[in-house]
1. Probe radius 1.4 Å, ligands and nucleic acids left out: can you give me the accessible area buried at the B-A interface, summed over both chains, in Å² to the nearest hundred?
2. In debye to the nearest 20, how big a dipole does the stretch A:120-182 give about its Cα centre with +1 on each Lys and Arg Cβ and -1 on each Asp and Glu Cβ?
3. If the only charges are +1 at each Lys and Arg Cβ and -1 at each Asp and Glu Cβ, what is the size of the charge dipole of the stretch A:1-103 around the Cα centre, to the nearest 20 debye?
4. Of A:THR54, A:THR64, which has the most accessible area and how do the rest follow, probe 1.4 Å?
5. Other chains near A:132-143: what is the mean number of their Cβ atoms within 10 Å of each residue's Cβ?
6. Tally Lys/Arg at +1 and Asp/Glu at -1 over every other residue whose Cβ is under 12 Å from the Cβ of A:ASP27; what's the total?
7. Please give the solvent-accessible surface of A:THR66 in Å², to the nearest 10, using a probe radius of 1.4 Å with every protein chain present.
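The values are calculated or read from the model by the stated rules, or taken from the named source; none is laboratory data. Please read these numbers as outputs of a predicted model, since none were measured by experiment. Because the Cβ atoms are built from the backbone with ideal geometry, glycine has one as well, and the counts that use them run over all protein chains shown. Ligands, DNA and RNA are stripped out before the accessible areas are found, and what is left, the full protein with its side chains, is counted by its heavy atoms. Shrake-Rupley method; radii C 1.70, N 1.55, O 1.52, S 1.80 Å.
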Amino acid sequence: MIVDLTDAELVRRSCTGSARSFDRLVDRHYARCLRFANHQLGDRPDAEDAVQETFMRAWRGLATCTPEKFAPWLTTILINCCRTAGARRRRRGLDVPLDSVDGHRFSAPARLPEPAIENTDVGRALATLTPRLREAFLLRHIDELGYAEMSRLTGAGESALKMRVKRAEQALARALEHRHDD
Amino acid sequence: MTTDPDARLRSAIERLRQMPEPDPAARKRLNRQLRLGRSGGTSIVLSRRAALAAAALVVLCTSAVWISALTLIAGPPGAVTATTTPIQFVLVAPDAASVSLVGDFNHWDSAAMPLREGADGVWSVVVPLARGAFTYSFVVDGDEWRADPAAPAAPADFGRPSSVLYVSPESTP
(Lines give C-alpha, C1' and ligand atoms only; values in the text may rest on other atoms or scores of the structure.)
Protein backbone atom coordinates (compact mmCIF):
# COMPACT_ATOMS: atom_id res chain seq x y z
CA MET A 1 0.00 0.00 0.00
CA ILE A 2 1.27 3.40 -0.98
CA VAL A 3 0.39 4.94 2.40
CA ASP A 4 2.93 2.71 4.15
CA LEU A 5 5.88 3.66 2.00
CA THR A 6 8.69 5.77 3.41
CA ASP A 7 9.28 9.31 2.17
CA ALA A 8 12.37 8.10 0.34
CA GLU A 9 10.44 5.46 -1.55
CA LEU A 10 7.69 7.91 -2.40
CA VAL A 11 10.29 10.36 -3.73
CA ARG A 12 11.82 7.63 -5.92
CA ARG A 13 8.40 6.68 -7.27
CA SER A 14 7.51 10.32 -7.83
CA CYS A 15 10.67 10.76 -9.86
CA THR A 16 9.52 7.99 -12.16
CA GLY A 17 6.27 9.82 -12.75
CA SER A 18 3.99 8.53 -9.98
CA ALA A 19 1.66 11.42 -9.26
CA ARG A 20 -0.03 9.47 -6.47
CA SER A 21 3.28 9.10 -4.69
CA PHE A 22 3.88 12.84 -4.69
CA ASP A 23 0.28 13.45 -3.61
CA ARG A 24 1.00 11.17 -0.66
CA LEU A 25 4.08 13.22 0.21
CA VAL A 26 1.91 16.34 0.10
CA ASP A 27 -0.65 14.68 2.37
CA ARG A 28 2.08 13.70 4.80
CA HIS A 29 3.85 17.06 5.04
CA TYR A 30 1.18 19.66 4.24
CA ALA A 31 -0.01 20.32 7.81
CA ARG A 32 3.53 20.55 9.16
CA CYS A 33 4.48 23.06 6.46
CA LEU A 34 1.30 25.04 7.00
CA ARG A 35 1.96 25.20 10.75
CA PHE A 36 5.42 26.67 10.24
CA ALA A 37 4.30 29.12 7.53
CA ASN A 38 1.26 30.20 9.52
CA HIS A 39 3.34 30.98 12.61
CA GLN A 40 6.19 32.53 10.65
CA LEU A 41 4.00 34.80 8.51
CA GLY A 42 1.13 35.29 10.94
CA ASP A 43 -1.36 35.31 8.11
CA ARG A 44 -3.28 32.26 6.91
CA PRO A 45 -3.75 33.24 3.21
CA ASP A 46 -0.06 34.15 2.89
CA ALA A 47 0.87 30.91 4.66
CA GLU A 48 -1.27 28.82 2.30
CA ASP A 49 0.29 30.58 -0.69
CA ALA A 50 3.78 29.94 0.66
CA VAL A 51 3.02 26.26 1.21
CA GLN A 52 1.53 25.97 -2.27
CA GLU A 53 4.66 27.54 -3.73
CA THR A 54 6.79 25.19 -1.61
CA PHE A 55 5.19 22.05 -3.03
CA MET A 56 5.20 23.42 -6.58
CA ARG A 57 8.94 24.08 -6.29
CA ALA A 58 9.46 20.67 -4.69
CA TRP A 59 7.68 18.95 -7.56
CA ARG A 60 9.69 20.85 -10.15
CA GLY A 61 13.01 20.18 -8.39
CA LEU A 62 12.38 16.67 -7.10
CA ALA A 63 15.16 15.23 -9.24
CA THR A 64 17.67 17.23 -7.19
CA CYS A 65 16.45 15.82 -3.86
CA THR A 66 18.26 13.04 -2.04
CA PRO A 67 15.32 10.71 -1.33
CA GLU A 68 16.43 9.97 2.24
CA LYS A 69 16.52 13.68 3.01
CA PHE A 70 13.17 14.75 1.61
CA ALA A 71 11.79 16.32 4.81
CA PRO A 72 14.76 18.65 5.49
CA TRP A 73 15.00 19.45 1.77
CA LEU A 74 11.33 20.42 1.75
CA THR A 75 11.84 22.49 4.91
CA THR A 76 14.63 24.43 3.21
CA ILE A 77 12.29 25.30 0.35
CA LEU A 78 9.58 26.24 2.85
CA ILE A 79 11.93 28.54 4.77
CA ASN A 80 12.91 30.28 1.54
CA CYS A 81 9.30 30.64 0.43
CA CYS A 82 8.38 32.11 3.82
CA ARG A 83 11.30 34.54 3.66
CA THR A 84 10.15 35.67 0.22
CA ALA A 85 6.55 35.97 1.39
CA GLY A 86 7.68 37.88 4.49
CA ALA A 87 9.66 40.32 2.36
CA ARG A 88 6.59 40.78 0.17
CA ARG A 89 4.46 41.47 3.24
CA ARG A 90 6.93 44.07 4.46
CA ARG A 91 6.90 45.66 1.02
CA ARG A 92 3.14 45.79 1.20
CA GLY A 93 3.49 47.40 4.64
CA LEU A 94 1.53 44.62 6.32
CA ASP A 95 4.19 42.99 8.48
CA VAL A 96 3.72 45.21 11.46
CA PRO A 97 2.17 44.36 14.82
CA LEU A 98 -1.55 45.00 14.83
CA ASP A 99 -1.28 47.38 17.76
CA SER A 100 1.06 49.69 15.86
CA VAL A 101 -0.63 49.88 12.45
CA ASP A 102 -0.07 53.38 11.24
CA GLY A 103 -2.60 54.77 8.82
CA HIS A 104 0.16 56.38 6.82
CA ARG A 105 1.98 53.10 6.26
CA PHE A 106 -0.53 51.39 4.02
CA SER A 107 -3.12 52.06 1.43
CA ALA A 108 -6.03 49.92 0.51
CA PRO A 109 -9.18 50.43 -1.47
CA ALA A 110 -12.07 50.39 0.93
CA ARG A 111 -10.58 48.00 3.50
CA LEU A 112 -7.93 47.82 6.15
CA PRO A 113 -5.06 45.34 5.90
CA GLU A 114 -5.63 42.02 7.57
CA PRO A 115 -4.07 41.57 11.01
CA ALA A 116 -0.40 40.67 10.68
CA ILE A 117 -0.66 37.79 13.11
CA GLU A 118 -3.26 35.37 14.35
CA ASN A 119 -5.55 36.87 16.87
CA THR A 120 -4.37 34.92 19.89
CA ASP A 121 -2.16 35.80 22.85
CA VAL A 122 0.53 33.44 21.65
CA GLY A 123 0.20 34.62 18.06
CA ARG A 124 0.45 38.23 19.09
CA ALA A 125 3.45 37.48 21.23
CA LEU A 126 5.10 35.73 18.29
CA ALA A 127 4.46 38.81 16.19
CA THR A 128 6.68 40.83 18.49
CA LEU A 129 9.70 38.79 17.37
CA THR A 130 11.76 39.71 14.34
CA PRO A 131 11.42 37.26 11.41
CA ARG A 132 14.87 35.76 12.09
CA LEU A 133 14.20 35.18 15.78
CA ARG A 134 10.76 33.78 14.98
CA GLU A 135 12.19 31.42 12.36
CA ALA A 136 14.86 30.08 14.71
CA PHE A 137 12.37 29.70 17.56
CA LEU A 138 9.89 27.79 15.40
CA LEU A 139 12.49 25.43 13.97
CA ARG A 140 13.89 24.70 17.42
CA HIS A 141 10.75 24.46 19.55
CA ILE A 142 7.91 23.70 17.14
CA ASP A 143 9.64 21.52 14.54
CA GLU A 144 11.98 20.28 17.29
CA LEU A 145 15.13 20.32 15.17
CA GLY A 146 18.69 20.16 16.46
CA TYR A 147 20.99 23.11 15.96
CA ALA A 148 23.19 21.25 13.45
CA GLU A 149 20.21 20.59 11.22
CA MET A 150 18.88 24.12 11.70
CA SER A 151 22.26 25.40 10.59
CA ARG A 152 22.13 23.28 7.43
CA LEU A 153 18.60 24.43 6.65
CA THR A 154 19.01 28.13 7.30
CA GLY A 155 22.64 28.73 6.39
CA ALA A 156 23.25 30.41 9.76
CA GLY A 157 25.93 29.27 12.23
CA GLU A 158 24.96 27.14 15.22
CA SER A 159 26.12 29.69 17.77
CA ALA A 160 24.13 32.42 16.03
CA LEU A 161 21.07 30.19 16.01
CA LYS A 162 21.45 29.40 19.71
CA MET A 163 21.63 33.10 20.40
CA ARG A 164 18.53 33.76 18.31
CA VAL A 165 16.55 31.04 20.04
CA LYS A 166 17.59 32.33 23.46
CA ARG A 167 16.66 35.89 22.57
CA ALA A 168 13.35 34.68 21.09
CA GLU A 169 12.53 32.75 24.27
CA GLN A 170 13.26 35.77 26.43
CA ALA A 171 11.28 38.13 24.22
CA LEU A 172 8.37 35.73 23.96
CA ALA A 173 8.32 35.15 27.72
CA ARG A 174 8.29 38.91 28.28
CA ALA A 175 5.49 39.41 25.73
CA LEU A 176 3.41 36.61 27.25
CA GLU A 177 3.98 37.94 30.76
CA HIS A 178 2.98 41.41 29.60
CA ARG A 179 -0.23 40.10 28.02
CA HIS A 180 -0.96 37.98 31.09
CA ASP A 181 -0.67 41.11 33.26
CA ASP A 182 -3.10 42.93 30.94
CA MET B 1 15.63 20.38 24.62
CA THR B 2 18.63 22.32 25.84
CA THR B 3 16.54 25.23 26.99
CA ASP B 4 14.31 25.52 30.00
CA PRO B 5 11.45 27.84 29.21
CA ASP B 6 9.16 28.75 32.06
CA ALA B 7 5.70 27.22 32.38
CA ARG B 8 3.98 29.95 30.38
CA LEU B 9 6.45 29.60 27.57
CA ARG B 10 6.13 25.81 27.62
CA SER B 11 2.37 26.15 27.44
CA ALA B 12 2.71 28.53 24.47
CA ILE B 13 5.00 26.08 22.70
CA GLU B 14 2.48 23.29 23.19
CA ARG B 15 -0.22 25.44 21.64
CA LEU B 16 2.01 26.37 18.73
CA ARG B 17 2.80 22.70 18.09
CA GLN B 18 -0.83 21.90 17.39
CA MET B 19 -1.28 21.09 13.72
CA PRO B 20 -3.59 23.46 11.85
CA GLU B 21 -6.60 22.11 10.04
CA PRO B 22 -5.84 22.44 6.32
CA ASP B 23 -8.43 24.34 4.30
CA PRO B 24 -9.88 21.92 1.71
CA ALA B 25 -10.09 24.76 -0.82
CA ALA B 26 -6.36 25.46 -0.44
CA ARG B 27 -5.56 21.77 -0.90
CA LYS B 28 -7.78 21.63 -3.97
CA ARG B 29 -5.98 24.65 -5.41
CA LEU B 30 -2.60 23.02 -4.82
CA ASN B 31 -3.74 19.75 -6.40
CA ARG B 32 -5.01 21.66 -9.43
CA GLN B 33 -1.67 23.44 -9.82
CA LEU B 34 0.22 20.15 -9.48
CA ARG B 35 -1.99 18.52 -12.13
CA LEU B 36 -1.34 21.44 -14.46
CA GLY B 37 2.37 21.18 -13.81
CA ARG B 38 2.41 17.44 -14.53
CA SER B 39 0.43 17.77 -17.74
CA GLY B 40 2.93 20.28 -19.02
CA GLY B 41 0.16 22.82 -19.47
CA THR B 42 0.57 26.51 -18.86
CA SER B 43 0.25 26.91 -15.13
CA ILE B 44 -0.85 30.24 -13.78
CA VAL B 45 -0.35 30.04 -10.02
CA LEU B 46 -3.40 31.76 -8.66
CA SER B 47 -2.80 32.40 -5.01
CA ARG B 48 -5.53 32.59 -2.43
CA ARG B 49 -4.87 36.30 -2.09
CA ALA B 50 -5.22 36.74 -5.85
CA ALA B 51 -8.44 34.78 -5.81
CA LEU B 52 -9.76 36.92 -2.96
CA ALA B 53 -8.79 40.08 -4.81
CA ALA B 54 -10.57 38.88 -7.92
CA ALA B 55 -13.66 37.99 -5.91
CA ALA B 56 -13.60 41.36 -4.17
CA LEU B 57 -13.31 43.02 -7.54
CA VAL B 58 -16.42 41.25 -8.75
CA VAL B 59 -18.34 42.37 -5.68
CA LEU B 60 -17.04 45.92 -6.00
CA CYS B 61 -17.89 46.21 -9.64
CA THR B 62 -21.38 44.76 -9.37
CA SER B 63 -22.57 46.72 -6.35
CA ALA B 64 -25.04 49.56 -6.52
CA VAL B 65 -22.66 51.61 -4.39
CA TRP B 66 -20.04 51.25 -7.05
CA ILE B 67 -22.42 52.45 -9.78
CA SER B 68 -23.35 55.54 -7.76
CA ALA B 69 -19.70 56.19 -6.96
CA LEU B 70 -19.03 56.45 -10.66
CA THR B 71 -21.16 59.56 -10.79
CA LEU B 72 -19.19 61.20 -7.98
CA ILE B 73 -15.62 60.48 -9.01
CA ALA B 74 -14.06 62.29 -11.91
CA GLY B 75 -13.86 60.05 -14.94
CA PRO B 76 -10.57 58.73 -16.30
CA PRO B 77 -9.20 59.05 -19.79
CA GLY B 78 -11.28 56.84 -22.06
CA ALA B 79 -14.89 55.89 -21.79
CA VAL B 80 -16.69 52.98 -20.22
CA THR B 81 -18.04 50.74 -22.94
CA ALA B 82 -19.93 47.48 -23.07
CA THR B 83 -16.64 45.58 -23.27
CA THR B 84 -14.84 47.32 -20.41
CA THR B 85 -15.25 47.34 -16.67
CA PRO B 86 -14.79 50.49 -14.59
CA ILE B 87 -12.09 49.84 -12.01
CA GLN B 88 -11.46 52.22 -9.14
CA PHE B 89 -7.85 52.54 -8.02
CA VAL B 90 -7.34 53.99 -4.56
CA LEU B 91 -4.25 54.98 -2.65
CA VAL B 92 -4.16 56.44 0.86
CA ALA B 93 -1.30 58.94 0.79
CA PRO B 94 -2.00 61.93 3.05
CA ASP B 95 1.50 63.35 2.60
CA ALA B 96 1.58 63.14 -1.18
CA ALA B 97 1.46 66.19 -3.43
CA SER B 98 0.58 64.13 -6.48
CA VAL B 99 -0.25 60.53 -7.30
CA SER B 100 -0.57 58.93 -10.70
CA LEU B 101 -1.37 55.48 -11.97
CA VAL B 102 0.96 53.66 -14.33
CA GLY B 103 0.52 50.23 -15.84
CA ASP B 104 0.20 48.01 -18.88
CA PHE B 105 -2.97 49.83 -19.83
CA ASN B 106 -1.32 53.26 -20.26
CA HIS B 107 2.17 52.24 -21.39
CA TRP B 108 3.53 53.17 -17.94
CA ASP B 109 3.01 56.84 -18.68
CA SER B 110 2.95 58.68 -15.36
CA ALA B 111 1.25 61.68 -16.95
CA ALA B 112 -1.67 59.71 -18.39
CA MET B 113 -3.76 58.92 -15.31
CA PRO B 114 -3.38 61.30 -12.37
CA LEU B 115 -5.38 60.42 -9.25
CA ARG B 116 -7.65 62.98 -7.65
CA GLU B 117 -7.27 63.68 -3.92
CA GLY B 118 -10.36 63.24 -1.78
CA ALA B 119 -10.93 63.51 1.95
CA ASP B 120 -8.24 62.33 4.39
CA GLY B 121 -5.56 61.91 1.78
CA VAL B 122 -7.46 59.28 -0.22
CA TRP B 123 -6.45 59.47 -3.87
CA SER B 124 -8.53 57.73 -6.51
CA VAL B 125 -9.14 57.33 -10.20
CA VAL B 126 -11.52 55.21 -12.22
CA VAL B 127 -10.22 53.45 -15.32
CA PRO B 128 -12.26 51.38 -17.76
CA LEU B 129 -10.41 48.14 -18.45
CA ALA B 130 -11.08 45.23 -20.75
CA ARG B 131 -10.81 41.69 -19.37
CA GLY B 132 -7.34 40.40 -18.69
CA ALA B 133 -4.45 40.61 -16.26
CA PHE B 134 -2.73 43.95 -15.76
CA THR B 135 0.40 44.99 -13.93
CA TYR B 136 0.30 48.44 -12.38
CA SER B 137 1.76 50.72 -9.75
CA PHE B 138 1.28 54.14 -8.21
CA VAL B 139 3.79 56.95 -8.66
CA VAL B 140 3.82 59.33 -5.70
CA ASP B 141 5.22 62.84 -6.09
CA GLY B 142 6.61 61.99 -9.49
CA ASP B 143 9.32 59.54 -8.45
CA GLU B 144 8.28 57.14 -5.70
CA TRP B 145 6.76 53.90 -6.92
CA ARG B 146 4.33 52.15 -4.62
CA ALA B 147 2.64 48.79 -5.14
CA ASP B 148 -1.00 48.43 -4.18
CA PRO B 149 -0.93 46.59 -0.84
CA ALA B 150 -4.47 45.36 -1.39
CA ALA B 151 -3.55 43.51 -4.58
CA PRO B 152 -1.18 40.62 -5.31
CA ALA B 153 2.41 41.64 -5.95
CA ALA B 154 3.54 41.31 -9.55
CA PRO B 155 5.82 38.28 -10.02
CA ALA B 156 8.37 40.33 -11.97
CA ASP B 157 8.39 43.97 -11.02
CA PHE B 158 11.46 45.04 -12.99
CA GLY B 159 13.01 46.31 -9.80
CA ARG B 160 10.04 48.47 -8.96
CA PRO B 161 7.14 47.52 -6.68
CA SER B 162 4.05 46.73 -8.70
CA SER B 163 0.82 44.81 -8.41
CA VAL B 164 -1.39 42.56 -10.50
CA LEU B 165 -5.06 43.09 -11.28
CA TYR B 166 -7.30 40.46 -12.84
CA VAL B 167 -10.39 41.72 -14.67
CA SER B 168 -12.76 38.89 -15.49
CA PRO B 169 -15.86 38.92 -17.72
CA GLU B 170 -17.94 38.40 -14.58
CA SER B 171 -16.67 41.75 -13.32
CA THR B 172 -18.77 43.57 -15.87
CA PRO B 173 -21.61 45.38 -14.12
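1. 4400 Å²
2. In total the dipole reaches around 260 debye.
3. So the dipole magnitude of the stretch A:1-103 works out to roughly 280 debye.
4. A:THR64, A:THR54
5. Numbers: counts 0, 0, 0, 0, 0, 2, 3, 0, 4, 10, 5, 1.
That works out to 2 on average.
6. Neighbourhood net charge equals +3.
7. The value for A:THR66 is about 70 Å².
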